[in-house]
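Below you'll find the structure, written out as structure tokens, and then a few comments.
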């Protein structure tokens with residue numbers, strides 16, 4: 001039982017639920033909204049319900065494998081930053097961890113190939129394979145480099161949404177197709193939100209983990225540029241995100257989406273401003289951890305906003 005519990009902690013089951021929730025809300029709230037225009041050739045969603053759940057499973061497998069390989073390479077650093085949460089070497093052997101990573105990655109890739117074959121879309125398996133490769137190199141190399149690791153993880157977070165958009169692409173459609181244009185607009189709003197909020201959280205986590213990262217020669221932003229510059233970098237992105245969200249809410253209010261706008265202000269924009277204020281006062285690892293958790297809740301609030309479509 002301890003090993004099973006350790007396994008679920010290792011693959012970050014709560015984060016995997018985020019992925020499942022994101023993709024399910026996009027499938028059942030965003031896509032029906034997009035297809036309301038009733039354009040010829042778009043009578044129904046291209047990805048069947050069965051294939052959709054296989055795609056969700058593929059995303060979960062790839063992400064779970066990524067968390068495993070990340071912990072595999074970070075054992076020594078985690079011993080300093082969060083020794084009580086170390087699993088590999090304590091509950092699960094390193095060799096077993098590598099095997100689990102390989103099995104989950106393989107399962108995710110096979111599912112992606114099958115889905116790509118069924119919907120005649122080679123881009124799905126290609127980009128999911130690319131995600132597996134990126135997660136390996138992120139954990140082994142890029143995570144210890146300034147900014148590049150943060151950007152890669154943020155891009156992969158956005159991919160969780162955009163993979164569903166890509167699965168709806170018809171290779172013979174016109175770029176001026178009204179349905180495709182609407183889908184791209186909504187997808188870029190949510191994928192952009194996912195990218196920026198993930199980038200903010202990744203840099204805050206680097207601030208939290210400075211002690212262990214510094215001990216093992218990592219070159220993260222807080223170590224290379226220092227905390228003040230890292231805070232300014234993060235603060236700028238918070239301001240940008242909050243500003244864009246305010247502009248979007250002003251726009252949707254014109255269509256009578258008052259409840260959606262009110263939700264966004266209370267659950268997303270105001271908490272972002274709170275994080276910004278607290279960020280400049282934070283100095284300890286515990287304070288940065290609290291901010292990281294708060295940003296994660298804001299991310300959840302952003303995901304749940306899909307319900308209003």
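No lab work stands behind these numbers, since they all come straight from the coordinates. Every value quoted in this text rests on a predicted model; they were computed, and no experiment measured them. All Cβ positions, even for glycine, are placed from backbone atoms using ideal geometry, and neighbour counts span all protein chains on display.
Relative contact order for the chain: what percent, with Cα pairs under 8 Å and sequence separation of 6 or more?
Taking the mean separation of contacting Cα pairs over the length of the chain, I get 21 percent.
Over what distance in Å are the Cα centres of segment 1-21 and segment 256-309 separated?
Comparing the Cα centres of segment 1-21 and segment 256-309, I get a distance of 24 Å.
Tell me what the chain gives for mean residue ellipticity at 222 nm when only DSSP H runs of n ≥ 4 count, each as -39,500 (n - 2.57), the sum divided by the residue total, rounded to 500 deg cm²/dmol.
Result for the chain: -24000 deg cm²/dmol, rounded to the nearest 500.
In Å, what Kirkwood hydrodynamic radius results for segment 196-286 from the alpha-carbon pair distances?
It is 14.5 Å.
Tell me the volume per residue, in Å³, of the convex hull enclosing the alpha carbons of the chain.
That works out to 133 Å³ per residue.
Once you place label points 7 Å from the Cα toward the Cβ at residue 14 and residue 122, how far apart are they in nm?
Here the modelled spin labels are 4.2 nm apart.
Label points 7 Å out from Cα along the Cβ direction at residue 148 and residue 178: separation in nm?
Going from the residue 148 label point to the residue 178 one covers 4.6 nm.
Please label the shape of segment 154-252 as rounded, prolate or oblate, based on the square roots a ≥ b ≥ c of the eigenvalues of the alpha-carbon gyration tensor (a/c under 1.5 means rounded; beyond that, a/b larger than b/c means prolate, else oblate).
Oblate.
Based on alpha-carbon centroids, what's the gap between segment 235-252 and segment 94-131 in Å, whole number please?
Taking the Cα centre of segment 94-131 as reference, the centre of segment 235-252 is 35 Å away.
Take each of the peptides 185-193, 277-285, average the number of other beta-carbon atoms within 10 Å over its residues, and list them starting from the highest.
Those peptides, ordered most packed to least, come out 185-193, 277-285.
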